[in-house]
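Derivation of every value follows stated rules applied to the coordinates shown; laboratory data play no part. Keep in mind that this is a model prediction, so the values were computed, not measured. Every residue, glycine among them, receives a Cβ derived from its backbone with ideal geometry; neighbour counts consider all protein chains shown.
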Amino acid sequence: MSYFLRILILGSFILFGVSCGYKDLPNLKEQAGAPFKELMIQYRLRADIAYNIAQIFKGEVSLRPEVDAVLASRSKALSIQLSLEMFNERDNNRFQSYQNFLGRDCEFLIRKAQNLSKQKISPVFFSQRDQWERVNQKLVRLKRDYLKVAKSFNTKKQEFPYSLYNKLKFGYQPLPDIGDLATANGGI
């Protein structure tokens, strides 16, 4: 075989190997977007539930400091909106901190409210409390799903040939780790 033919065959193998999986990075980034958006929706729902719980007890004098704390935490938690397209670490840290405060304050209000006599507790409270717990559980699951895809994307982005695609075509930044937001007692 001639030297030119060998180079042509070797070049076609290299070209074929490099072109495989060209769409993997955009697909993984798209897969991460759905759970991230759903996380933000659930955080909003969680803040609304905290507001509803606070409103149930706003007339209860013994719970006024806790109600005020929940309302203040909710306001801060809703002041920051995160998106994958405009993500920055400073906002992420503030978002996590505010969510942690909201979780802590609402859990404290729930515990104190449960100590009230049954006559003072509206049946709506129990419904809202149960919804609060379901949303917190869903947030844990969604966060796990997002982090799994983000880790896969960030790992694949550094591997050959994907690192080459990223440099030449896509220019993707790593998907953010949205932090260790623990449990409902400290925030999600």
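Worth a mention:
- Under the simplified labelling scheme, the residue 92-residue 62 pair shows an inter-label distance of 4.4 nm, with each label point 7 Å from Cα along Cα→Cβ.
- Summarising the label geometry, the points placed 7 Å from Cα in the beta-carbon direction at residue 4 and residue 151 lie 5.2 nm from one another.
- Stretched out straight at 0.36 nm per residue, the stretch from residue 163 to residue 79 would grow longer than its current Cα-Cα span by 26.6 nm.
- About the centre of its Cα atoms, the range 3-170 shows a dipole size close to 180 debye [charges on the beta carbon of Lys, Arg (+1) and Asp, Glu (-1) only; nearest 20 debye].
- Pairs of Cα atoms nearer than 8 Å and 6+ residues apart set the relative contact order; for the range 3-170 it is 35 percent.
- Highest average packing first - 120-126, 134-140, 42-48, Cβ atoms within 10 Å: 42-48, 134-140, 120-126
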